[in-house]
Amino acid sequence: MMNIALIAHDQKKPIMIELTEKYLDVLSQNTIYTTGTTGKVINEKTGLVVNRLNSGPLGGDQQIGAMISEQKIELVIFLRDPLAAQPHEPDVNALIRLCDVYNIPLATNIGTAEVLLNALPLVEAVEEGAL
């Protein structure tokens, strides 16, 4: 079981819901942490149990960053909106930097997110000694 962070900017929340629905079986076998609004929408639309932190602009990105630095998050899916200015852009950049510092797999778009989620069953099989 892994600790996975799911974050989505407002314009990307519908894509995050689609991703969560598509990979519900995989995600439900792991512990999910989200920023506030993303977690609320995921839970309401899919029923996936999530651990909600603060909204991103209210410190949720920083909370996930702290968990990364404490080695409590093992995978981050952060569907960012690169075309919209974000009031908490420094927090976003800090979170991405922490993923790089601690070698945490990070997806910032749907293509990379799907690659990582498709790989999770293989990672779990290796950890269990099945491969």
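For the stretch 91-103, 3J(HN,Hα) computed residue by residue from phi via the Karplus equation (6.51, -1.76, 1.60; θ = phi - 60°) reads 5, 4, 5, 5, 5, 5, 4, 4, 4, 5, 4, 9, 6 Hz, glycine and proline entered as x. Number of Lys-Lys pairs in the chain with C-alpha atoms under 15 Å apart and a separation of 8 or more places or on different chains: 6.
We did not get these values from a lab; they are worked out from the coordinates using the rules stated. All values reported here derive from a predicted model rather than from experimental measurement.
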